[in-house]
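The values are calculated or read from the model by the stated rules, or taken from the named source; none is laboratory data. All of these numbers come straight from a predicted model, not from anything done at the bench. Glycine also receives a Cβ, built like all others from the backbone with ideal geometry; neighbour counts cover every protein chain displayed.
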Amino acid sequence: MPCCKKCYQAIPSILLIIFILLTYYSFTHEFCMKGLKEYPTRQLIYLIVEGIIFFMFAWCFTHVMFCRSNFKIPREFKLNDMEHELLLNLPPLEKSTLLEQHVQKRRISVWLRTPDNVLRYCMRCHLIKPDRSHHCSACDKCVLKMDHHCPWTNNCVGFANHKSFMLMLMYGNLAALFYVIVLIEYYLHIGVIQQDLDTVILCSGFLASCIFLLFSWVLYYQHIIWLLRNVTIIETLQDTHFYNPRLTFDLGKSENFLDVFGECCCFWWIPVNSSYGNGVNFEVRYKR
């Protein structure tokens, strides 16, 4: 059964990879190699530009898909089997007290609580949840600063790959936009559309790029808004309860951006983890 579940979850990502490869093939082979064979300079420029954008997209996509650092929660948050069993047999009030004792004993800093003002605890992973972490039912693991589970990459987007996810959307949109613009310019230049198989393939790639742009730009725009507010998708769907209700993770737009992308602008464009912190401790401020 677990094997069937993994195969089922991998279907969207497999379909997306096939879709991307076919679109890239239609641009490079059908358009550049065949359609632009009489324009070698333009052909070379288009191949280089689209090749660079596609490489960056593939790099970001791969990092989002195979990143496992989101699941590496420090050992001090985990309870052993005996501590977990003891916790299960306690009434709610004593359970809350015991969790607070564990936090103080292990010197763990945790800002967030449940709506009942109790420390958040994962019954499946047997751990005190770090701030902004959540249990993913698809991965069956707790994820550091979980944003959402992305079915198209078959992985969770969290602290370690949030930046790569944003870059993946950016480069994907740039690649699709470049395809659409150069194809429109090409057919406006030649002034005629031939009715053959190559044209059908190009028009299919053009239509696929337009559809991708329509949905991906909306998604990218919404994620930029959330990033600048320093909230995850989960935090927009459910209230975040601080032990002090005056606290917030929102540090201001510029600080929120740097919190994900880091200070060095040289690393903003590549999918390497340059985010602040360790995914466990987060800076907070008092609400204005």
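Matching residues to (1) assigned to a loop (DSSP other than H, G, I, E, B); (2) within 26 Å of the chain's Cα centre (by Cα); (3) among the aromatic types (Phe, Trp, Tyr); (4) surrounded by 14 or more Cβ atoms within 10 Å (Cβ to Cβ):
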{"position": "52", "(1), (2), (3), (4)": "no, yes, no, no"}
{"position": "63", "(1), (2), (3), (4)": "no, yes, no, yes"}
{"position": "82", "(1), (2), (3), (4)": "no, no, no, no"}
{"position": "94", "(1), (2), (3), (4)": "no, no, no, no"}
{"position": "99", "(1), (2), (3), (4)": "no, no, no, yes"}
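Would the stretch 238-249 turn up any residue that is more than 13 Å from the chain's Cα centre (by Cα), in a helix (DSSP H, G or I), crowded, with 21+ Cβ neighbours inside 10 Å and touching a residue at least 60 places away in the same chain (Cβ under 8 Å)?
Filtering the stretch 238-249 down to residues more than 13 Å from the chain's Cα centre (by Cα) leaves 238-249.
Okay, now just the ones that are also in a helix (DSSP H, G or I), so none.
No, every residue in the stretch 238-249 fails to be more than 13 Å from the chain's Cα centre (by Cα), in a helix (DSSP H, G or I), crowded, with 21+ Cβ neighbours inside 10 Å and touching a residue at least 60 places away in the same chain (Cβ under 8 Å).
I need every pair where a residue in the stretch 9-31 that is over 14 Å from residue 172 (Cα atoms) and hydroxyl-bearing (Ser, Thr, Tyr) has its Cβ under 7 Å from the Cβ of a residue that is at pLDDT below 90 and in a helix (DSSP H, G or I), sequence separation at least 6 or different chains.
26/201; 26/202; 26/204; 26/205
I'd like the residue in the stretch 38-50 that is touching a residue at least 12 places away in the same chain (Cβ under 8 Å) and out of contact with any Cys (no Cβ under 7 Å at 6 or more places or on another chain) and, out of all such residues, is surrounded by the most Cβ atoms within 10 Å (Cβ to Cβ).
Taking the stretch 38-50 as the starting set, the residues that turn out to be touching a residue at least 12 places away in the same chain (Cβ under 8 Å) are 46-47, 49-50.
From what's left, out of contact with any Cys (no Cβ under 7 Å at 6 or more places or on another chain): 49-50.
Details: 49: 14, 50: 20.
If we take residues in the stretch 38-50 being touching a residue at least 12 places away in the same chain (Cβ under 8 Å) and out of contact with any Cys (no Cβ under 7 Å at 6 or more places or on another chain), then 50 is surrounded by the most Cβ atoms within 10 Å (Cβ to Cβ).
Please state which of the following conditions residue 165 fails to meet, knowing it meets all the rest: (1) assigned to a strand (DSSP E or B); (2) under 9 Å from the mean Cα position of the chain (by Cα).
Single failed check for residue 165: (1).
I'm trying to understand the selection: among the residues of the stretch 105-128, which are over 19 Å from residue 283 (Cα atoms), out of contact with any helix residue (DSSP H, G or I) (no Cβ under 7 Å at 6 or more places or on another chain) and not in a loop (DSSP other than H, G, I, E, B)?
105, 122
Tell me, yes or no, whether the stretch 66-77 has at least one residue that is in contact (Cβ under 8 Å) with a residue 40 or more places away in the chain, assigned to a loop (DSSP other than H, G, I, E, B) and more than 18 Å from the chain's Cα centre (by Cα).
Scanning the stretch 66-77, I find at least one residue that is in contact (Cβ under 8 Å) with a residue 40 or more places away in the chain, assigned to a loop (DSSP other than H, G, I, E, B) and more than 18 Å from the chain's Cα centre (by Cα), so the answer is yes.
Specify which of the listed residues (135, 126) is closer than 17 Å to residue 238 by Cβ, surrounded by fewer than 24 Cβ atoms within 10 Å (Cβ to Cβ) and in contact (Cβ under 8 Å) with a residue 12 or more places away in the chain. Explain how you work it out, then say what you get.
Working: 126 fails: closer than 17 Å to residue 238 by Cβ.
Residue meeting the stated conditions: 135.
Being closer than 23 Å to residue 279 by Cα, free of Cβ contacts under 8 Å to residues at least 60 places away in the same chain and either under 20 Å from the mean Cα position of the chain (by Cα) or part of a loop (DSSP other than H, G, I, E, B) (or both): is that true of residue 225 here?
Numbers: closer than 23 Å to residue 279 by Cα: yes; free of Cβ contacts under 8 Å to residues at least 60 places away in the same chain: yes; either under 20 Å from the mean Cα position of the chain (by Cα) or part of a loop (DSSP other than H, G, I, E, B) (or both): yes.
Criteria met by residue 225.
Restricting to the stretch 194-218, and then to whatever is touching a residue at least 12 places away in the same chain (Cβ under 8 Å) and among the hydrophobic types (A, V, I, L, M, F, W, C), can you tell me which residue is surrounded by the fewest Cβ atoms within 10 Å (Cβ to Cβ)? Don't jump to the end; show me each part of the working.
Taking the stretch 194-218 first, the residues touching a residue at least 12 places away in the same chain (Cβ under 8 Å) are 198, 201-202, 204-206, 208-210, 212-213, 216-217.
With the extra rule that they be among the hydrophobic types (A, V, I, L, M, F, W, C), the set shrinks to 201-202, 206, 208, 210, 212-213, 217.
Values: 201: 18, 202: 23, 206: 20, 208: 17, 210: 13, 212: 21, 213: 18, 217: 15.
Top of the filtered list is 210.
Which ones in the stretch 40-50 are closer than 22 Å to residue 164 by Cβ and either among the β-branched types (Val, Ile, Thr) or not in a helix (DSSP H, G or I) (or both)? Before the answer, list the steps.
Taking the stretch 40-50 as the starting set, the residues that turn out to be closer than 22 Å to residue 164 by Cβ are 49-50.
Across the stretch 40-50, the qualifying residue is only 49.
If I ask for residues that are farther than 22 Å from residue 116 by Cα and among the basic types (Lys, Arg), which ones from the stretch 230-264 would you list?
253
Suppose we keep only residues that are under 22 Å from the mean Cα position of the chain (by Cα) and farther than 16 Å from residue 65 by Cβ within the stretch 4-31. Which one would you say is surrounded by the fewest Cβ atoms within 10 Å (Cβ to Cβ)? Before the answer, list the steps.
First, the residues of the stretch 4-31 that are under 22 Å from the mean Cα position of the chain (by Cα): 5-21.
Narrowing the set further to residues that are farther than 16 Å from residue 65 by Cβ leaves 5, 8.
Details: 5: 11, 8: 9.
Among those that are under 22 Å from the mean Cα position of the chain (by Cα) and farther than 16 Å from residue 65 by Cβ, it is 8.
Surrounded by fewer than 17 Cβ atoms within 10 Å (Cβ to Cβ) and more than 30 Å from residue 45 (Cβ to Cβ): does that describe residue 221? Before the answer, list the steps.
On the way: surrounded by fewer than 17 Cβ atoms within 10 Å (Cβ to Cβ): yes; more than 30 Å from residue 45 (Cβ to Cβ): no.
Considered against the rule, which asks whether it is surrounded by fewer than 17 Cβ atoms within 10 Å (Cβ to Cβ) and more than 30 Å from residue 45 (Cβ to Cβ), residue 221 comes out as no.
Taking residue 156 as the residue in question, decide whether it is under 28 Å from residue 259 (Cβ atoms), buried (at least 18 other Cβ atoms within 10 Å of the Cβ), free of Cβ contacts under 8 Å to residues at least 24 places away in the same chain and not charged (D, E, K, R). Let's see the steps before the verdict.
Values: under 28 Å from residue 259 (Cβ atoms): yes; buried (at least 18 other Cβ atoms within 10 Å of the Cβ): yes; free of Cβ contacts under 8 Å to residues at least 24 places away in the same chain: no; not charged (D, E, K, R): yes.
So residue 156 does not fit the description; no.
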